[in-house]
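This report concerns only the one structure given below.
The values are calculated or read from the model by the stated rules, or taken from the named source; none is laboratory data. Since this is a predicted model, take the numbers as computed values, not measurements. So basically every Cβ, Gly included, is an ideal-geometry build from the backbone, and we count neighbours across all protein chains shown. In case anyone asks, the SASA skips ligands and DNA or RNA and just uses the protein heavy atoms, side chains included. Shrake-Rupley method; radii C 1.70, N 1.55, O 1.52, S 1.80 Å.
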Amino acid sequence: VEVKIEVVIPEKERSKEEMSPNGKASPLIYKVNGTARHYHLEEHPIASNPYHNPKDMVEASVCHVKDLENGQMREVDLGCGKALLIKESGEFHAVGHKCPHYGAPLVKGVLSKGRVRCPWHGACFSIGTGDIEDFPGLDSLPRFQVKIEKEKVYIRASKQALQTQRRTKMMAKCISLSNYNLSSTNVLIIGAGAAGLVCAETLRQEGFSDRIVMCTMDRHLPYDRPKLSKSMDSHPEQIALRPKEFFCTYDIEVLTEMQVAAVDVKSKIAVFKDGFKMEYNKLLIATGNMPKTLSCKGREIENVFNIRTPEDANRVVKLATSKNVVIVGASFLGMEVAAYLAERAHSVSLVELEHVPFKKFFGERVGRAVMKMFENNRVKFYMQTEVSELREQEGKLKEVVLKSGKVLRADVCVVGVGAVPATGFLKQSGINIDSKGFVVVNKMMQTNIPGVFAAGDAVTFPLALRNNKKVNVPHWQMAHMHGRIAALNMLAHGTEISTVPYLWTAMFGKSLRYAGHGEGFDDVVIQGDLDELKFVAFYTKSDEVVAVASINYDPIVSKVAEVLAAGRTIRKRDVDTVISLSFRTGDMSWLTGKGS
């Protein structure tokens, strides 16, 4: 028996391409709230179509059809690139072998019910189409056709697809942008982070060809914000989520350094700080959070930073090199900055009100293990205290005075004491805001005002994993999904959010992964060795596992995320069984069905 894999255009996209002899689909009509919209679907010019170029094709023999059992994946080498060969339910599938997000090897991920989940950050892809189904990341996988002939397995694939290992979905373009009034748009997106960008891209992927305008206080096009504290010397163009040409090609307008001051939901008008007004039909609020600042004396001294932009991060690295750094707050940002600067600065001191970092999030035992890793890397902790004063010399920071009486030498101070939702401009709008300032939305990311949606760090939404409890989940992955759900419901799809939260942090070469929502956990079950930083921690509440975290225990977090996504409940007594079945043997049969 012979298996052949050949790059093909997914059926859905191929049918669109074949609708017109010039490669463009005929105009489609899509009704949104009773209004007819016309669409043109076009192929992404950056990832040009390689499927009909014989010179671009490569073929190689890789294995026998019986070499793979159901539920198995294999990375196969074609000489000029690799593909991921999958067998599930008696059928073979083949897709790109690397996650388009950060390049994780998907063969080490989790295969379950027609999709593969990334072992590093939890993104999910359909094995049938290659389409991205959960985030983070923007692109899908290339899909390769599988053929069975004789007793050998051959893969025939495009060299370009094998090398890029990514595929951007086909998107619509705006029909006649020149006809629009500059002060009017169909969709206005306030905020240009992950939620805003994914919303805009999803609209185009679904065939929406009316005007889309994104506005941001930032001076840059959307970028990979988590890298500001993980890779602090990155320049804006290095961490851009999409190149400038992408926005031009798909008519996604981005207004930089533009701040919305108020929203009139009755007139459907957004008022900008400079007085400019823009009418909209649909509105997405995706403004994220604003970092908290210190309230002590001297907080305005030079060289005291909140890291909000690439320029902030770059400036801190430059000033901190071979100097004394004080970081206030053992938050994710504070700890990541401390880890990044530990080898560059003369000294790094970290001030925190709690007695253990991450105690509320990861628990005391995991927090202590992480703290020990930092201490072994020359980071000095000052716990259970606060900053009382910042002192200067010739206008620049010289010392940080703690309430405990300790005085720390400091050339640079980075503040990471939390954040608040950037929703102050909505206070008089009539949009429902809770007591903490978060925009309240339903499962479809809709606010209480028709046509107004909200997404990302600034919202509370019903989390299916926790019986639809209204929660705020300020994770990069979750912002992506919020943006997609909002876009689909702007188009009246009626899609509800049901994703499992997933986050990660990287410190001193160690990646800590986390899935679920552990708020209010009452116990932690730990397997492995905390001292060696090779462990998995299950967070339980009333005997039910609500979250999981691990270091050097991949892909256990992604596997548990798949269990939770399937609607199953893991009990505390089942933790040993879960580890035995999923980690040691790779068996995912316990995902079948619902319930415990």
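Worth a mention:
- Residue within the range 429-438 that is at pLDDT below 95 and either on the phi > 0 side of the Ramachandran plot or polar (S, T, N, Q) (or both) present: no
- Test: His93 is buried (at least 17 other Cβ atoms within 10 Å of the Cβ), assigned to a loop (DSSP other than H, G, I, E, B) and modelled with pLDDT of 50 or more: no
- All positions within the range 123-162 that are in contact (Cβ under 8 Å) with a residue 24 or more places away in the chain, open to solvent by 20 Å² or more (accessible area, probe 1.4 Å) and either among the aromatic types (Phe, Trp, Tyr) or closer than 29 Å to Gly196 by Cα (or both): Gly128, Thr129, Asp131, Leu138, Arg143, Tyr154
- The conditions of being more than 22 Å from Arg466 (Cα to Cα), surrounded by fewer than 21 Cβ atoms within 10 Å (Cβ to Cβ), at pLDDT 95 or above and in contact with a helix residue (DSSP H, G or I) (Cβ under 8 Å, 6 or more places away or on another chain) are not met by Leu581.
- Residue among Arg219, Arg225 that is outside the structural domain of Tyr102 (by the TED database), out of contact with any Asp or Glu (no Cβ under 7 Å at 6 or more places or on another chain) and closer than 25 Å to Asn306 by Cβ: Arg225
- Matching entry among Glu354, Glu389 (being assigned to a strand (DSSP E or B), at pLDDT 95 or above and more than 20 Å from Phe508 (Cβ to Cβ)): Glu389
- Residues satisfying the stated conditions in the range 392-421, i.e. assigned to a strand (DSSP E or B) and open to solvent by 40 Å² or more (accessible area, probe 1.4 Å): Glu392, Gln393, Lys396, Lys398, Glu399, Val407, Arg409, Ala419, Val420
- Qualifying residue in the range 339-348 (condition: modelled with pLDDT of 95 or more, under 22 Å from the mean Cα position of the chain (by Cα), assigned by the TED database to the domain that holds Val379 and not small (Gly, Ala, Ser)): yes
- Unique residue being open to solvent by less than 40 Å² (accessible area, probe 1.4 Å), within 16 Å of Leu188 (Cα to Cα) and within 25 Å of the chain's Cα centre (by Cα) when the list is Leu284, Leu228: Leu284
- Residue count for the range 524-564, restricted to those that are within 18 Å of Trp504 (Cα to Cα) and either open to solvent by 50 Å² or more (accessible area, probe 1.4 Å) or part of a helix (DSSP H, G or I) (or both): 11.
- Among the residues of the range 348-363, those that are over 22 Å from Phe535 (Cα atoms) and aliphatic (A, V, I, L, M) comprise Val348, Leu350, Val351, Leu353.
- Phe247 open to solvent by less than 50 Å² (accessible area, probe 1.4 Å), part of a helix (DSSP H, G or I) and of a type outside the set (D, E, K, R): yes
- Flag for Glu343 being in a helix (DSSP H, G or I) and acidic (Asp, Glu): no
- Hits in the range 456-490 (condition: surrounded by fewer than 24 Cβ atoms within 10 Å (Cβ to Cβ) and either among the polar types (S, T, N, Q) or touching a helix residue (DSSP H, G or I) at 6+ places or on another chain (Cβ under 7 Å) (or both)): Thr460, Leu465, Asn467, Asn468, Asn472, Trp476, Leu488, Asn489
- If you go through the range 452-477 and keep only what is over 26 Å from Ala262 (Cβ atoms) and in contact (Cβ under 8 Å) with a residue 60 or more places away in the chain, you end up with Leu465, Arg466, Trp476, Gln477.
- Residue pairs whose Cβ atoms lie under 6 Å apart, sitting 6 or more positions apart in sequence or on different chains, and linking a residue in the range 188-202 that is over 15 Å from Met478 (Cβ atoms) to a partner that is in a loop (DSSP other than H, G, I, E, B) and not small (Gly, Ala, Ser), are Leu188/Tyr280; Ile190/Thr287; Ala192/Thr216; Ala192/Pro222.
- The set of residues in the range 101-110 being crowded, with 24+ Cβ neighbours inside 10 Å and out of contact with any His (no Cβ under 8 Å at 6 or more places or on another chain) consists of Gly109, Val110.
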